[in-house]
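The structure appears right after this line, and notes come after that.
Just so you know, all these numbers are worked out from the coordinates, no wet-lab data involved. Everything quoted here is computed from the prediction, not taken from an experiment. FYI the Cβ positions are ideal-geometry reconstructions off the backbone, even for glycines, and counts take in every protein chain you see.
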Amino acid sequence: MDWRDALLRVIELNTFSSIWYWMSVAVAWGAASNWLIGVPFDVLYRARKCAAQELADLEALVDINVRRITKISDQAGVALAAMLAFVLAMLGMAGFYYGIELAQGLFVMGAPLSVVIAVNLRLALQLRETPLAGPALVSRLISVRFWTQVIAMVAIFFSAMYGMYFNIEATLFF
């Protein structure tokens, strides 16, 4: 085995049987459930105890990130949504119509992550229209984190089931 074969074994494009794909799935969903509209969960967790300084820190971070996210949405939201839809459609077509496994893996990971992006954008837009403070803000952010984790659990379960189906089908028919 020369160095090229060893390198190709480490960086293989077989998505569902690659440790790199599953590590990227874990990192992506870990980051998505840890950061709500740019606010890390540890800040939210400390503010949940309703200490004055921690609540002030949370409210400041939420205010900064709501303004940042809504400004990006106002300026380039339609273009970014169109680009995301194009990339997902391209991955879906390449993966499921042409049978490219890497595109299937990226689609299975990217489609639910786009739902989480939409949930975070919706939360930012709602907080811009009706700002929350104190325990109401903490409660709203914890609720959104819960639903983000539900989406993550369903997506990871579906990814694992589809990956097992794909690998079993590949070994049975090839």
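Helix 52-92: angle to the longest alpha-carbon principal axis of the chain, degrees 0 to 90, nearest 10?
Helix 52-92 sits roughly 40 degrees off the main axis of the chain.
Report, largest value first, the span of the C-alpha coordinates of the chain along each principal axis, in whole Å.
Taking max minus min along each principal axis of the Cα atoms, the chain gives 61, 34, 30 Å.
When the Cα centres of the range 78-152 and the range 31-59 are compared, how far apart do they sit, in Å?
The range 78-152 and the range 31-59 have Cα centres spaced 20 Å from each other.
Given a Förster radius of 41 Å and the C-beta distance between residue 45 and residue 2 as r, what FRET efficiency does 1/(1 + (r/R0)^6) yield to the nearest 0.05?
0.25
Computed FRET efficiency, Cβ-Cβ of residue 172 and residue 76, R0 41 Å: what is it to the nearest 0.05?
Given R0 = 41 Å and the Cβ-Cβ separation, E is 0.35.
Using only Cα atoms and rounding to the nearest 10 degrees, what angle (0 to 90) does helix 19-34 make with the longest principal axis of the chain?
Here the helix axis deviates by roughly 10 degrees.
Treat each spin label as a single point 7 Å out from the Cα along the C-beta direction, and report the residue 23 to residue 125 distance in nm.
Reported label-point gap for residue 23 and residue 125 is 3.8 nm.
Calculated from DSSP H runs of 4 or more alone, at -39500 (n - 2.57) each and per residue, what is the 222 nm mean residue ellipticity of the chain, nearest 500?
Calculated from helices alone, the mean residue ellipticity at 222 nm is -28500 deg cm²/dmol.
Once you have the Cα-Cα distance between residue 147 and residue 165, take 0.36 nm times their residue separation minus that, and quote the gain in nm to one decimal.
3.8 nm
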